[in-house]
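Notes follow once the structure below has been shown.
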Amino acid sequence: MGNMEKWCKEWHTLTFYQKFEQVVAWILTFTIALIILISLYDLLLQTFLILFKLRLNPLEHKVFQTLFGMFMTVLIALEFKHSILKVTVHKEGIVQVKTVVLIALLALTRKFIILDFKGEPALKIFALAFSVLALGIIYWLLREQAFRYKED
């Protein structure tokens, strides 16, 4: 049985809300895929301009921050799209908390990469670091819970 036939067969068994959830997930997947393509194009264009046109050193801190920040943005968007895509293939009902925490960790990691530590107040850096620690602990607890659930 082909994927389309399987999808049609499964579609008839879904409740109204599950169908609604599927349609929303497909729209979000398409939208985020479009955003990823535009971001990837911009990343490639900016990389080309920085390295070949402006001949800037990619190891210079500001240049590295700019390029790596854009790179991390694309990765975060890909992870976000992947989490939505799981809903559309019925692997998971709604976006899982663990995935949301992982995306938040990626976003905070990106923030630390592009952050200019000299220009930021110490309290803001501490708050960001505490957020990473808290999210890391939450992610670890969720992962441990999933491992225990699989063992039972």
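What follows is calculated from the coordinates using simple rules that are stated; it is not laboratory data. Remember, predicted model here, so these are calculated numbers, not experimental data. Note: ideal-geometry Cβ built from the backbone for every residue, glycine included; neighbour counts use all protein chains shown.
Checking the a/c ratio against 1.5 first, then a/b against b/c, what shape does the Cα gyration tensor give for region 33-109? Walk me through the numbers on the way to the answer.
Details: a/c = 5.73, a/b = 2.18, b/c = 2.63.
In terms of gyration-tensor shape, oblate.
Mind running the shape call on region 14-151? Use the C-alpha gyration tensor, a ≥ b ≥ c as the square roots of the eigenvalues: rounded below 1.5 for a/c, prolate if a/b tops b/c, oblate otherwise. Oblate, since a/c reaches 1.5 and b/c is not below a/b. For the cross-link pairs LYS81/LYS118; LYS9/LYS98; LYS6/LYS81, the ones whose C-alpha atoms lie over 28 Å apart are LYS81/LYS118; LYS9/LYS98. Taking the longest Cα principal axis of the chain as reference, the axis of helix 97-114 is set at about 10 degrees. Packing around the peptides 11-24, 76-89, taken as the average count of other Cβ atoms within 10 Å per residue, puts them in this order, highest first: 76-89, 11-24.
Taking LEU43, LEU106, LEU128 in turn, the Gaussian network model of the chain (Cα-Cα springs below 10 Å) assigns the largest fluctuation to LEU128.
Ranked highest first by the average count of other Cβ atoms within 10 Å around their residues, in what order do 45-54, 134-143 fall?
On the way: 45-54: 12.0, 134-143: 14.0.
The densest-packed peptide leads the list: 134-143, 45-54.
Under 8 Å for C-alpha pairs, at least 6 residues apart: give me the relative contact order for region 14-151, rounded to a whole percent.
Rounded, it is 24 percent for region 14-151.
Suppose R0 equals 25 Å; then what is the FRET efficiency for TRP11 and ILE113 from their Cβ-Cβ distance, rounded to the nearest 0.05? The pair TRP11/ILE113 has a calculated efficiency of 0.05.
Compared with the dominant Cα axis of the chain, that is its longest principal axis, helix 61-88 is turned about 0°. Neighbour counting of Cβ atoms within 10 Å sorts the residues ASP42, ASP116, fewest neighbours leading, into ASP116, ASP42. Compared with the direct C-alpha span, the chain from LEU142 to GLN46 gains 30.8 nm at full extension, assuming 0.36 nm per residue.
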